Amino acid sequence: MAYQEKFMKRAIALAKKAKENDEVPVGAVVVIDNKVIASAFNKRECLSDATAHAEILAIKKACKKIGDFRLNGAEIYVTLEPCVMCMGAIINARIDNVYFGAKITNGSISADEISRRAELNHKTKVEGGFFEEECSMLVSNYFKEKRKKD
């Protein structure tokens with residue numbers, strides 16, 4: 001649990017950096033053998049790229065670092081439950097475990113539901129609720145502030 005706590009705190013720090021850059025505050029950290037091999041935060045606004053979610057950017061960096069799209073034995077720590085697109089990337093990258101903070105509350109299919117699909121060629125374990133309150137507050141406060149400005 002100590003490692004999970006350490007990596008989630010790093011993801012939270014990245015989410016705060018995203019917020020400072022006027023991005024939705026989501027941070028992601030990819031870990032292999034208890035070592036961070038890549039990390040990122042949302043950059044959709046600054047890159048004008050709908051796919052520039054923290055998870056996608058961190059996975060791209062990790063793949064480049066190890067020279068393979070297969071991140072066997074990897075874990076990803078994310079402040080917000082991965083969306084459908086990000087879960088697709090996580091599964092395609094063969095990441096073993098997903099640990100996230102806050103749940104997506106927009107009625108979307110859950111990351112766990114996606115990971116349990118029988119037809120998928122890779123199974124990813126999904127666990128949520130790590131620093132859930134802090135992660136949830138980061139996102140909800142960000143959107144409250146955005147609404148005030150509009």
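Worth a mention:
- Where Asp96 falls short, out of the listed (1) over 13 Å from the mean Cα position of the chain (by Cα); (2) without any contact (Cβ under 8 Å) to a residue 12 or more places away in the chain: (2)
- Qualifying positions in segment 130-150 - part of a loop (DSSP other than H, G, I, E, B) and open to solvent by 40 Å² or more (accessible area, probe 1.4 Å): Phe131, Asp150
- Members of segment 1-39 found to be of a type in the set (Ser, Thr, Tyr) and over 19 Å from Cys63 (Cα atoms), listed by number: Tyr3
- Scanning segment 22-30 for residues that are open to solvent by 30 Å² or more (accessible area, probe 1.4 Å) and without any contact (Cβ under 8 Å) to a residue 60 or more places away in the chain turns up at least one hit.
- Scanning segment 63-108 for residues that are of a type in the set (Val, Ile, Thr) and crowded, with 24+ Cβ neighbours inside 10 Å, we see that the one that is farthest from Lys123 (Cα to Cα) is Thr79.
- Selection status of Ala38, more than 11 Å from the chain's Cα centre (by Cα), under 17 Å from Leu14 (Cβ atoms) and either open to solvent by 10 Å² or more (accessible area, probe 1.4 Å) or not basic (Lys, Arg) (or both): yes
- Beta carbons closer than 9 Å, at least 6 apart along the sequence or on distinct chains, pair a first residue in segment 1-21 that is at negative phi with a second that is polar (S, T, N, Q) and in a helix (DSSP H, G or I) for Lys19/Asn141.
The values are calculated or read from the model by the stated rules, or taken from the named source; none is laboratory data. Keep in mind it's a predicted model, so treat the numbers as computed, not measured. Don't worry about glycine lacking a Cβ; one is built from the backbone with ideal geometry, like all the others, and counts go over all protein chains shown. These area figures cover heavy atoms from the full protein model, side chains too; ligands, DNA and RNA do not enter into them. Shrake-Rupley method; radii C 1.70, N 1.55, O 1.52, S 1.80 Å.
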